[in-house]
Protein chains: 2
Amino acid sequence: MNPRGTAASALLGAVLRHGPVARTTIARLTGLSPAAVTRNCAALAGLGLLTEVAGPLPYRGMGRPHTPVDVETGRHLVAGIHIAHEHCTLALLDLRGRVRARLRVPHRDPDDHEDVLATAADRLVRLHAEHLPGHVPLGLGVAAGGWVDTEAGVLVEHTSLGWRDVPVRDLLAARTGLPVLVDSHARALARAEQLFGAAGHHESLVHLFVGNVVDAAIITGGGTHRGARSAAGGVAHLALGDPAIDCPCGRSGCLEATVSDRAWAWRAYEAGVISRPSITELGDAAVAGNAAATALLVERTRIVARAAALLFDIVNPDVVVVTELGVIRLPECARALRAEVAASARVCPSPSAVLPSSFGPDVLGVAAGAVQLDAIYADPLNLRNPIRLGV
Amino acid sequence: MNPRGTAASALLGAVLRHGPVARTTIARLTGLSPAAVTRNCAALAGLGLLTEVAGPLPYRGMGRPHTPVDVETGRHLVAGIHIAHEHCTLALLDLRGRVRARLRVPHRDPDDHEDVLATAADRLVRLHAEHLPGHVPLGLGVAAGGWVDTEAGVLVEHTSLGWRDVPVRDLLAARTGLPVLVDSHARALARAEQLFGAAGHHESLVHLFVGNVVDAAIITGGGTHRGARSAAGGVAHLALGDPAIDCPCGRSGCLEATVSDRAWAWRAYEAGVISRPSITELGDAAVAGNAAATALLVERTRIVARAAALLFDIVNPDVVVVTELGVIRLPECARALRAEVAASARVCPSPSAVLPSSFGPDVLGVAAGAVQLDAIYADPLNLRNPIRLGV
DNA sequence: GGCACTTCGTTGCACCGGGCAAAAAAGTGG
DNA sequence: CCACTTTTTTGCCCGGTGCAACGAAGTGCC
C-alpha cells in the first residue's frame, strides 16, 4: 500500500518526533500495523539507526511494560558544509540533528572554488578523525546561498562569491568518498526546521531567510517545493522595501536591497549607531541595551514581517519560520514580528504559527547537514546499498 | 513500490494525456513494466474507464501492430455543479472532461440554500435523464467561491451569497445518491487546467482566478495545496490595487476590491463606457471594438498581471493560468498579461508559462466536474467499491 | 507460589502488486 | 509456410503489509 521505504520513513520520523517511544505507540502514530512496526524497527536497528533503550519505564499498572525505541545517535553521523561569503561552516551532526562538532574555515581565496571546497573537505575529514572517529559518517550535505541545481549537485550561481556552475557534489564526493547532496540555503533550513526545529513537525511550512540574501522556501504535504527552475521562494525582489533604494535588478524598493544584512548594517552605520557597518555589531549593540540599535532592528523586522504575512496569505502553511538576526536575538523583534504579521495577514495566524528559527548560532551547520539527514529520513532503508565509508 | 492505485492512476493519466496510445508506449511514459501496464489496463477496462480502440494504426513496417487504448468516454460521466452568485451551473462531463450537457439554473431564493441545492440536484437528475440516460454517473463535483472545507464537504462561508456552514456534500448526496466532492473555485479550476487544459500537464501550476472573487490555487508535485485552513491562495487582499479604494476587510488598495468584476464594471459604468455596470457588457463592448472598453480591460489585466508575477516569483510553477474575462476574450489582454508578467517577474518566464484559461464559457461546469474527475483519476481502482448508481 | 488478567511484541500465513523472463500473438517480406 | 520484428500476455517470484494467533512480561489476588 505504500511506496518502498515509506513505512520505515514514517516510523523513523515518528520516533524522531516522539522521543523514546514504545512500538505500540509508533503503530498508533503512524497507522502501521504492530507487525510492520516490529519488522521495520528490526530493519532500522540492523542498520544502526534505531536502538532499544532501557529508559525509565513509566509502568501503567497493567500489562507488559513498554520497551521504548529511540533514534541511535551514537553510531552514525552526518556532515554538513555551509558555503558562505567569507567562510565555510563545517559541522558533524548526529541523527537527531544535534551539532557534535563544528568548525569555521575562512576562504583562502574566495575566487578559487576548487581550493575552497578541497580545503573544506580536508578539514572536515580531520574534524571527524579528531572528534568523533568512532562514528560512521553516512553522508555530506551542502547548503549554499544562491541558485542551486539539486539534481545535478551544481551551484549554478552564487552572486556574492561570483561562482558559476561549480560541480560541488562531484568535487566534494571525490574528496571525501561520501555521498553528497546539495541544496539551497532556505530549503535546507526549512527542512531542518521541520525535522528538528521547535517548529514542531508540521506538514506545511514556509521558511523566510534574511541575511545578505533574502530567500524563502516552501514545504507542503508533498515535500520541498523547488519550482520549475529550482527557483521557488523568490521573495528577494518583492516591492516591500524602501522605494528610494535601487536594486541591482534594475528596479527599486526590492526587499533584499532594503533589508539585507549588508544594507541594514550600512544604514545603521550611517546613522551613527554602530562604528562599523556590520550586522553582528548592530545585534550586539541591541543585545547590550542600545536603544537605537534595537529600534533599527525592530524596524527591519517590521518590513520582514510584511513578507512573512504575504507568504502566510498565499501559501497558508501551518507555520512560518523566520531566520533573521533580530528575530533570533531580540525578544522585541520576535514580538514585533508576530504583531506585524497578525496585522497584515488576512487569515489571522495563531501566535504559534510565526516562529523565529530554532537553531541559534548553529543554524548554518544544521542546515547543511539537514540536507543529507532529510534524505536519510526519507528513505532510511536505502542505506543498505551504498554503505560507503570513506572520510 | 508504489502506493495503492498509483500505478493505475499514472497509467490512466498517461492515456488521458497522450490520446489513444499503445500499451508499450504507456510503459515507456509511466516507467511501469509492460506486464503492469497490461494488468492495469485490464482492470481499468473492466471498470469501464478504458477501451481498446481500433484506431487508424500507423503500422511501422515491422512487428506486431499497436492496439491503442483510450479513455472510455461513452459509458460513464461525471456531474458538476458550480454555485455562483445568481445561479448554479450544472454540467455533465465525460471522462475526458468534455462538457456533454449543460444547464444554468437561477436561484429562486438565494437565501434559501436548501432550496437552491435541492433544485440544482433535481434539475441535474432531469438533465441526465433527458440527455444522457445511457451513461452511468460516477459522481458529482461541486465548486464554489468562498471558503470551502473540502474534508467535511461544507461551504464554510460564501460572502456574496451570505451562506455559512452549509453542508453541501450531505445535502446533495442525499438528493442524488452520488458521491459528492466539494472544493473551492480556484482549486477546482487549477485541477481542471492540469488535467484537461491546454496548459499541458505540468507538474506544478498556479491558477489565478479573477471574477467577483479573486482567488488563487497552487498545485505542486505533491498535489493541490490546500493550506492549514484550506485557505491557501489568498491573494484577494494583496496590496496591489488602487490605494484609493477601501476594502471591506478594513484596509485599502486590496486587489479584490480594485479588480473584481463588480468593481471594474462599476468603474466602466461610471466612466460612461457601458450603460449598465456589468462586466459581461464591458467584455462585449470590447469585443465589438469599443476602444475605451478595451483599454479598461487591458488596464485591469495589467493589475492582475502583477499578482501573477508575484505568484510566479514565489511559487515558481511550471505555468501560471489566469482566468479573467479580458484575458480570455481579448487578444490584447492576453498580450498585456504576458508582457506585464515578463516585466515584473524576477525569473523571466517563458512565453508559454503564462496562459489564459482554456475552457471558454464552460469554465465553471468543467471546474465543478473536475473536482470529481480529479478524484477518479487519482485513484481509479477505488471505483470497485462504491459502485453507486442513483441519479 | 500459582493463576488470572492485561498489555506489548512477535511470528506464521495469505494477499496484493510489481518486475523479470519466457511465451504467445499479430503483423510483413520472402 | 517460414523467418523476423515488435507488441502483448502469462507464469513465477519477491518484497512488503495486514490479520490473527501466539508468546512474553509485568501486576494483583488467592
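Tabulated values for the structure
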| quantity | calculated |
| --- | --- |
| Shape parameters for chain B, alpha-carbon atoms, Rg then Dmax in Å | 21.7, 71 |
| Between helix A:6-17 and chain A: long-axis angle, C-alpha atoms, 0 to 90°, nearest 10 | 70 degrees |
| Mean Cα-pair separation over length for chain B, i.e. relative contact order, pairs under 8 Å, 6 or more apart, % | 18 percent |
| Chain lengthening between B:ASP112 and B:THR38 when straightened (0.36 nm per residue, less Cα-Cα) | 21.6 nm |
| Residues A:ALA291 and B:LEU132, FRET efficiency given R0 of 51 Å [Cβ-Cβ distance, rounded to 0.05] | 0.10 |
| Residues A:ASP379 and B:ASP246, FRET efficiency given R0 of 60 Å [Cβ-Cβ distance, rounded to 0.05] | 0.70 |
| Relative contact order computed over the range B:6-71 (Cα-Cα under 8 Å; 6+ residues apart), in percent | 40 percent |
| Shielded residues, the range B:208-228 - accessible-area loss of 40 Å² or more between chain alone and all protein chains, probe 1.4 Å | B:THR220, B:HIS225, B:ALA228 |
| Calculated over the range B:203-357: convex hull of Cα atoms, volume per residue (Å³) | 106 Å³ |
| DSSP beta bridges in chain B [antiparallel fraction, %, rounded to 5] | 60 percent |
| Hz values of 3J(HN,Hα) by residue in the range B:176-188 - Karplus curve (6.51, -1.76, 1.60), Gly and Pro given as x | 10, x, 9, x, 10, 10, 10, 8, 6, 2, 5, 5, 4 |
| Neighbourhood net charge (13 Å Cβ-Cβ; Lys/Arg +1, Asp/Glu -1) for A:GLN194 | -1 |
| Per-residue HN-Hα couplings for the range B:116-132 [Karplus 6.51, -1.76, 1.60; θ = phi - 60°; Hz; x = Gly/Pro] | 4, 6, 5, 4, 4, 4, 5, 5, 5, 4, 5, 4, 5, 4, 7, 9, 9 |
| Charge dipole (the range B:6-71, unit charges on Cβ, about Cα centre) - positive-most of B:LEU29, B:THR51, B:VAL71 | B:LEU29 |
| Directionally averaged projected area (convex hull, Cα atoms, the range A:6-71), nm² | 4.2 nm² |
| Inter-part distance where the range A:104-175 and the range A:240-292 are each reduced to a Cα centre, Å | 29 Å |
| Where labels lie 7 Å past Cα in the beta-carbon direction, separation of B:ARG28 and B:TYR269 in nm | 5.8 nm |
| Tensor-based shape of the protein assembly as shown (alpha-carbon gyration tensor, a/c under 1.5 rounded, otherwise prolate or oblate) | oblate |
| Unit charges on C-beta of K, R, D, E only; dipole of the protein assembly as shown, Debye | 2100 debye |
| Max mean-square fluctuation residue, GNM over chain B, Cα-Cα springs under 10 Å, options B:SER275, B:SER357, B:SER252 | B:SER275 |
| Chain B, helix-only ellipticity at 222 nm - DSSP H runs n ≥ 4, -39,500 (n - 2.57), divided by all residues, nearest 500 | -12500 deg cm²/dmol |
| Cα gyration tensor shape of the range B:98-229, rounded if a/c is under 1.5, else prolate or oblate by comparing a/b with b/c | oblate |
| Total formal charge among the other residues, if their Cβ is under 15 angstrom from that of A:VAL259, Lys/Arg +1 and Asp/Glu -1 | -3 |
| Surrounding net charge for B:ARG300, when Lys and Arg each add one and Asp and Glu each subtract one, Cβ distance under 13 Å | -2 |
| Choice from B:HIS128, B:HIS66, B:HIS202 showing the highest fluctuation, given a GNM over chain B with Cα pairs closer than 10 Å | B:HIS66 |
| Using a Förster distance of 51 Å, the FRET efficiency for A:ARG104-B:SER350 (Cβ separation, nearest 0.05) | 0.80 |
| Residues with amide H under 5 Å from that of B:PHE359, placed H, sequence gap 5 or more | none |
| Mean projection area, nm², convex hull over Cα of the range A:104-180 | 5.1 nm² |
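The values are calculated or read from the model by the stated rules, or taken from the named source; none is laboratory data. Keep in mind that what you see is a predicted model, and the values were worked out from it rather than measured. With ideal geometry, Cβ positions are generated from the backbone for all residues, glycine too; neighbour counts draw on all protein chains shown. For the accessible areas, the whole protein counts, side chains as well, though only heavy atoms, and no ligand, DNA or RNA atoms are used. Shrake-Rupley method; radii C 1.70, N 1.55, O 1.52, S 1.80 Å.
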